[in-house]
Amino acid sequence: MVQTEFARILADPLELSRQWSREGRKVIGCLDSYIPEEFIHAAGMIPLRILGSTGNVTLADSYLPVFAGKLARSILEQGLRGDLVHLAGVAVSNSSDAVRMLYDLWGRHIPQQRAFLIDVPAILEGETNHRVFRQAMLDFKDELEKFTGKTLESAALRRSIAVFNENRKLLKEMASLLSASPPRLSAETYLDAILSGFVLTKEQHNDLLRQLLESSSGKTSENTEKLVPLHVSGPILVDRSFLPLVRKCGATLASEDLGTGSRYFWDEVDEVGDPVEAIVERYWNKITESYKTPMERRWLHLLNQIERSRAAGVIFVIEKYSDEDQYDYPVWRDRLRSRGIPSLLLDSELVLESEQVRTRVQTFVEIVKGGAFS
Amino acid sequence: MTSAAPKKKGRALNSSYEAAIVLKDYWEGAARHRVEGRPVAWVSGNVPIEIFWALGIYPVYPENYSAVCASIQRAQEFCETAEEKGYSIDLCSYSRVNLGIVLGKGVDDPTLPYGGIPRPDMLVTTRIPCLPQVKWWEVVREHFDIPMFVVDATMVELPVSESQRQHYLGQIRELIPFLEQKLAVRFHEDTFIETLRLSDRAAELWLDIMDLRAAVPSPVGSREMCGNVFPLVAMLGNPKTIDFFSHLRDEAQQCVQEGKGAVENERIRLGWDNIPMWYNLKFFSDVEDRNAIFTYETYLRYVWGGRMDLNDPWTAFANKHLDVWLNYSINQRIKTLLSDVVKFKLDGFVFHQNRSCKRFSMGQRDLSQVMQEKIGVPSLFIESDMADPRAYAEAPTRVKMETFLEMLEAKKH
Ligand code: SF4
């Protein structure tokens, strides 16, 4: 079953990439959603999204304070511990200040591994920023060409765009099965499918997604009729125990606008015209992450998702010390409230503390069900 | 701390007493501007300040206002209000103070220092010091529903590259018509260049003072200089800043010529990294009882007010605004600090691990390690916050500092 395959992959997310490098394939770890993975793919390498790890941080303590946040600290820990030693390089972009600092720290403490910096602006408005954004993307392309010793040909780029776009389409189809009434896909499977995509080749992922969609079409996911549909928002959700817990509380994920979810895959690359420019435009125009301005694209995406899924409430899963999301949260909460949509904030440090979360989600589900929200 | 020398009373430089007057004047000027219906912009650290003075737009600094609140022990109440509104205790405390005011009783609350913060017509900020600043301004915009402009920049390793300069100037060329159009003001290059001249003169004086503090004994310590820095942040281009800094510089120069130190019998020289604890500036002067002095701060030297070569004003303007400690890569910070620690003859360094200002605090461990390895200068880490006193643990911090000073003293023998 595809579901079992996803679970097997996620049990050791880096195993496949180790295998690839044993086979002589080059893998590039990507630390953010503004890395044009299509370039890496077209250069004959494999982009792998690095999402940290839930283990203890000890080595990285010597370089990053606790308030740099678990994601940045655990990625540095992985690097220092040698867990990522099989990667040909890592690509860092200007996301949060902490993740940006990883580029400097990589150069200082893991100098044997190539670190790329895609030095894009945070402000995605205005002609000047657009020019600089485009140039940063082109510089990255040049660096990749130097790194591999090969020019990125248009034909290869088009092939990569097609593979990535297919991946995005399949994931969007999956999202619509999830928010169908009744849902045709369980929330747990949906999350596993998305997370697997970060550590598989896009081709492998597409195969598995096709199988999943085939087996899910026409079917109704069991026991979902009485579950309250909820929307989940936040930068990252990797804790696979969270959705089963939500289910136990009488609710389920019906839609999301996660940084590691639909915000990552929603926008496609235009397949007409110059492929390099089309890739640049895709990243410039994509649904913004919390560490980019303007925020309105993200807000509209969140609203659209809620409308699609008819979610009765929103759970914000926000990483502790993720300033960008913590500033957004009260604004989003109030905007939702003015539309009569209740929301709940949960703190995460890549994992959600289960006992506290259970109580809070349970209470929230009761409120949503009882309509006691005002 | 145990007293080993007679305590020095009052300010080392008499001119430092002018600081409070300049500050009051600035905030009263802002209020007047508002009342007279002239444009007011809320701005943040490292915005292109000279543009505002040149255009007659009053630049109001909520960050400074938060620091003022902290220094009169009023920050905590506003932080708590912001937290009640849903803003995490882990966010920058300057922003929590400000959001506590804005979303609480409002900026016109008469019980506020200086009678309140003048309402903004416009918001301008920049990512040069940090990204949270931009997010904070987004919240403020949500509240006031007014136009906003953000100046972006990527981190630098000196010298500033041509592409970084062009990125900056390109945005300035967008900012000026934006301000003209939204606030009905007119940009005149001559006035701007004249403002740059005033700004540069103030920066020159300030850097002179900083350099004079490399003298042994040091003429003035950190506590006093933190109280003097404000015009360098907010009033570059305003002639009053030049007057004030001239007085300070002349006095400091005289002290150095006469070999007069802020601390009698100066024995230990210290450096400081990060924003000070505004509610506890006494931390700096307490060490003076041990014949020690804080005589160098990255915050006072590299965060505000660099020099400009006005033969090429626009290039100089861009260089100056991008050449900011918070925007330095870690390697650049190391390079700069190593040479300064030697120049200022520092015996030890204190890193304020400031939970509010993450961008300042990240990379400090590398600085400390390199400083120890390359030049044998030890450092101490204290964990706290620049404006939220709840993050400061008095007793353990004092013990740490005592032990550190004892260690430095022992090293001298
Ligand atoms: S985090 Fe630091 S740089 Fe940013 S606004 Fe706060 S004090 Fe200023």
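Note on A:LYS146: lysines with a C-alpha under 22 Å away, same-chain residues under 8 apart excluded, are A:LYS26. Rounded to the nearest 100 Å², what is the buried accessible area between B and A, both sides summed, probe 1.4 Å? The buried area between B and A, both sides summed, comes to about 3800 Å². Averaged over peptide B:64-77, the number of partner chain Cβ atoms lying within 10 Å of each residue's Cβ comes to 0. Between B:GLU373 and A:ARG240, the simple spin-label model (points 7 angstrom out along Cα→Cβ) gives 3.9 nm. Near the amide H of B:VAL151, within less than 5 Å, lie the amide hydrogens of B:THR125, B:THR126, B:ARG127, all on another chain or at least 5 residues away, with H placed in the peptide plane. Taking the Cα centre of chain A as origin and assigning +1 to Lys and Arg Cβ atoms and -1 to Asp and Glu Cβ atoms, the resulting dipole is close to 620 debye. Residues in the stretch B:399-413 carry Karplus couplings, in order, of 4, 4, 5, 4, 4, 4, 5, 4, 5, 5, 4, 4, 5, 5, 6 Hz; the curve used is 6.51 cos²θ - 1.76 cosθ + 1.60 with θ = phi - 60°, and Gly or Pro positions show x.
For the stretch B:18-187, compute the number of Lys pairs whose alpha carbons are separated by less than 22 Å, excluding pairs fewer than 8 positions apart on the same chain. So the count works out to 4. So if I take the centroid of the Cα atoms in the stretch A:73-124 and the same for the stretch A:286-341, what is the distance between those two points in Å? So the separation of the two Cα centres works out to 27 Å. Using the Cβ-Cβ distance between A:ASP12 and A:SER181 with R0 set to 41 Å, the FRET efficiency works out to roughly 0.70. Near A:CYS30, the amide H atoms lying under 5 Å from its own belong to A:LEU48, A:ARG49, A:ILE50, A:ALA91; only residues 5 or more places off or on other chains count, and H is placed 1.01 Å from N. The long axis of helix B:189-212 is offset from the longest Cα principal axis of chain B by roughly 10 degrees.
Dipole size of the stretch B:112-263 about its Cα centre, with +1 on Lys/Arg Cβ and -1 on Asp/Glu Cβ: approximately 320 debye, rounded to the nearest 20. Since only B:SER161, B:TYR114, B:LEU248 are under comparison, the one whose Cα sits farthest along the positive direction of the charge dipole of chain B, derived from C-beta charges on Lys, Arg, Asp and Glu, is B:LEU248.
Counting Cβ atoms of other protein chains within 10 Å of each residue's Cβ and taking the mean over peptide A:321-334 gives 6. Axis of helix B:364-375 versus longest Cα principal axis of chain B: the two differ by about 40°, to the nearest ten degrees. Only one residue of A:MET174, A:GLY69, A:VAL272 has its Cα farthest out toward the positive end of the dipole of chain A, where Lys and Arg carry +1 and Asp and Glu -1 on Cβ, and that residue is A:MET174. The C-alpha atoms of chain A define a longest principal axis, and helix A:187-197 lies at about 0 degrees to it.
Residues in the protein assembly as shown average 36 Å² of solvent-accessible surface per residue, probe 1.4 Å, ligands and nucleic acids excluded. Put simply, the amide H of A:TYR321, placed in the peptide plane, has no neighbours under 5 Å, leaving out anything fewer than 5 places away on its chain.
Applied to the stretch B:115-127, the Karplus parametrisation 6.51 cos²θ - 1.76 cosθ + 1.60 on θ = phi - 60° returns per-residue 3J(HN,Hα) values of x, x, 9, x, 4, x, 9, 7, 10, 10, 9, 8, 8 Hz, with x for Gly and Pro. Under 17 Å from a point placed 7 Å out from the Cα of B:GLN73 along the Cα-to-Cβ direction: which residues of the stretch B:87-119 have their backbone N that close? It comes to B:113, nothing else. Summary of packing: across the peptides B:272-279, A:48-55, the per-residue average of other C-beta atoms within 10 Å ranks them, highest first, as B:272-279, A:48-55. Listed values for the stretch B:153-159 are Karplus-derived 3J(HN,Hα) couplings in whole Hz (6.51 cos²θ - 1.76 cosθ + 1.60, θ = phi - 60°), namely 6, 9, 5, 10, 10, 6, x, and x replaces Gly and Pro.
Inter-chain neighbour count for B:326-332: the average number of beta-carbon atoms from partner chains within 10 Å of each residue's beta-carbon is 3. If R0 is taken as 41 Å, the Cβ-Cβ distance between B:ILE146 and B:GLU402 corresponds to a FRET efficiency of 0.25. Distance from the C-alpha centroid of the stretch B:128-169 to that of the stretch B:50-80: 18 Å, rounded to the whole angstrom. Structure note, pairs A:LYS202/A:LYS286; A:LYS202/B:LYS358; A:LYS141/A:LYS202; B:LYS240/B:LYS320: Cα-Cα distances above 28 angstrom occur for A:LYS202/B:LYS358. Dipole magnitude for the protein assembly as shown: computed about the Cα centre from +1 point charges on Lys and Arg Cβ and -1 point charges on Asp and Glu Cβ, it is near 880 debye.
Taking every C-alpha pair closer than 8 Å and separated by at least 6 residues, the mean separation divided by the residue count of chain B gives a relative contact order of 20 percent. In the stretch B:169-187, what residues drop by 50 Å² or more in accessible surface going from the chain by itself to the full protein assembly, probe 1.4 Å? Flagged in the stretch B:169-187: B:GLU174. Determine the share of the protein assembly as shown's accessible area contributed by carbon and sulfur atoms, expressed in whole percent, with a 1.4 angstrom probe. Exposed carbon and sulfur together represent 50 percent of the surface.
The values are calculated or read from the model by the stated rules, or taken from the named source; none is laboratory data. Keep in mind the model is a prediction, meaning the values are calculated, not measured. All Cβ positions, even for glycine, are placed from backbone atoms using ideal geometry, and neighbour counts span all protein chains on display. Side chains included, ligands, DNA and RNA excluded: accessible areas come from the protein's heavy atoms. Shrake-Rupley method; radii C 1.70, N 1.55, O 1.52, S 1.80 Å.
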